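Worksheet: one structure, shown below.
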Amino acid sequence: MPQDVEELWCMTLGPSLNLLDIKMIFRGTIDACIAHPRDIFRYACVKNATQLIIAHNHPSGDPTPSKQDLEFTRKLIKVGIMIEIPVVDHLIVTKKNYFSLAESGLLDFGVHNSRGTEPSVASRTDFEFLNACDFDSK
């Protein structure tokens, strides 16, 4: 992936946390990637996903989530709960580092699923996903 533009990738997981598919969903500009939840969840539904992990890069090299990153993640979590495909992590990746919203506790926006519990976090390592996303190619 070119490091001068943002890209948003999705990893779909099955019921046993098995990896179903990985795909780049959007490519943006140097500091933005305009994405819409409906397109992400359309892809998840086509792949018959039961959970979803999102990742995007920050070409600036700073993996700190922006206000827009957090708001977008909040929207994804709400939609995921409504259609029962929870977002279990959102990773922000740079050439040297990454930031996991799940590891940092930032996935808890006070949003609960229909049973009143927090969305579960996948037990697979984030590095499996990071290695599958070819952020340095081209």
- Note on the structure: If we ask which residues in the stretch 1-24 are closer than 24 Å to Lys67 by Cα and surrounded by fewer than 18 Cβ atoms within 10 Å (Cβ to Cβ), their number turns out to be 5
- Note on the structure: Within the stretch 30-77, of all residues that are among the aliphatic types (A, V, I, L, M) and in a loop (DSSP other than H, G, I, E, B), the one modelled with the highest pLDDT is Ala49
- Residues of the stretch 85-96 satisfying the condition of being over 10 Å from Asn57 (Cα atoms), without any contact (Cβ under 8 Å) to a residue 60 or more places away in the chain and either touching an Asp or Glu at 6+ places or on another chain (Cβ under 9 Å) or in a strand (DSSP E or B) (or both): Val87, Asp89, His90
- Just a yes or no: is a residue in the stretch 119-136 exposed (fewer than 15 other Cβ atoms within 10 Å of the Cβ), over 21 Å from Thr29 (Cα atoms) and at pLDDT 90 or above? no
- Before we move on, is Ala55 over 26 Å from Lys96 (Cβ atoms), touching a strand residue (DSSP E or B) at 6+ places or on another chain (Cβ under 8 Å) and buried (at least 21 other Cβ atoms within 10 Å of the Cβ)? no
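The values are calculated or read from the model by the stated rules, or taken from the named source; none is laboratory data. Predicted, not measured: the structure shown is a model, and the values here were computed from it. In this analysis, Cβ positions are derived from the backbone assuming ideal geometry, glycine residues included, and neighbour counts consider all displayed protein chains.
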